[in-house]
Amino acid sequence: MQYVYPAIFQKDKNLPDTWCVYFPDVEGAATCGYSLYEALYMAEDALTGMLVCWEDFKAGKSKLPMKNRIVEPTPIEQVKAEPDEFSTSAFVTLIKADTDAYRKLYLNNE
């Protein structure tokens with residue numbers, strides 16, 4: 001499956017060039033990067049990995065106690081990004097996830 005979800009990026013106040021990323025619609029999907037490029041790369045990986053877990057749970061392939069489910073993404077214009085006490089700036093962007101490609105690459109599944 002292919003998905004697109006909004007992600008919130010916050011620039012860390014204490015670590016130069018470090019960005020923290022989380023997905024308001026995908027609980028548990030969060031990451032960071034020591035540059036904006038790395039944060040974007042890590043965001044796609046974190047989102048896709050979490051969605052693979054949720055797909056597996058829904059299909060009965062996982063025994064992990066997952067309480068979450070895949071939901072429709074919030075429209076990007078409805079997601080607000082504000083710096084908090086740990087960040088100096090924030091923005092929202094869309095991140096894509098391809099769970100089929102992820103499975104092929106990392107899990108040896110077709």
Next item on the list: Let me have the 222 nm mean residue ellipticity of the chain computed from DSSP H runs of 4+ only, each contributing -39500 (n - 2.57), with the sum over all residues rounded to the nearest 500.
Entry: -8000 deg cm²/dmol
Checklist line | Pairs of lysines in the chain (C-alpha under 26 Å apart; 8 or more residues apart or interchain) | finding: 14
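Could you work out the local net charge near Y5, counting Lys and Arg as +1, Asp and Glu as -1, over the other residues with Cβ closer than 12 Å to its Cβ?
Residues near Y5 contribute -3 overall.
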Check: What are the residues whose amide H is under 5 Å from the amide H of S89, where those residues sit 5 or more places off or on another chain and H is modelled from the backbone?
Finding: K11
Checklist line | Radius 14 Å from Cβ of A39, net charge of other residues (Lys, Arg +1; Asp, Glu -1) | finding: -4
Next item on the list: Compute the length gained on full extension between E85 and A101: take 0.36 nm times their separation in residues and subtract their Cα-Cα distance, giving the result in nm to one decimal.
Entry: 2.0 nm
Item checked: Cut-off 14 Å between beta-carbons: net charge of the residues surrounding C20, Lys and Arg +1, Asp and Glu -1 -> -4
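Hey, any idea what % of the chain's accessible area is carbon plus sulfur with a 1.4 Å probe?
The C+S portion of the solvent-accessible surface of the chain is 55 percent.
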Checklist line | Mean Cβ neighbour count within 10 Å, used as a protection proxy, ranking 96-105, 45-54, 2-11 highest first | finding: 45-54, 2-11, 96-105
Margin query: Compute the helix-to-body angle for 36-58: its Cα long axis versus the longest principal axis of the chain, expressed 0 to 90° and rounded to tens.
Written below: 30 degrees
Checklist line | For the chain, with +1 on Lys and Arg beta carbons and -1 on Asp and Glu, the positive-most of P24, V4, L105 along the dipole | finding: L105
Check: Running Debye on the chain with equal point scatterers at the Cα sites and no solvent, what base-10 log of I(q)/I(0) appears at q = 0.10, 0.12 Å⁻¹?
Finding: -0.30, -0.43
Item checked: Gain on full stretching of the segment that runs from V71 to N108 - 0.36 nm per residue minus C-alpha separation -> 10.7 nm
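The values are calculated or read from the model by the stated rules, or taken from the named source; none is laboratory data. Treat the numbers as computed from the prediction; the structure is a model and nothing was measured. Positions of Cβ are generated from backbone atoms using ideal geometry, with glycine treated the same way; all protein chains shown enter the neighbour counts. Keep in mind that these areas ignore ligands, DNA and RNA; they rest on the heavy atoms of the full protein, side chains included. Shrake-Rupley method; radii C 1.70, N 1.55, O 1.52, S 1.80 Å.
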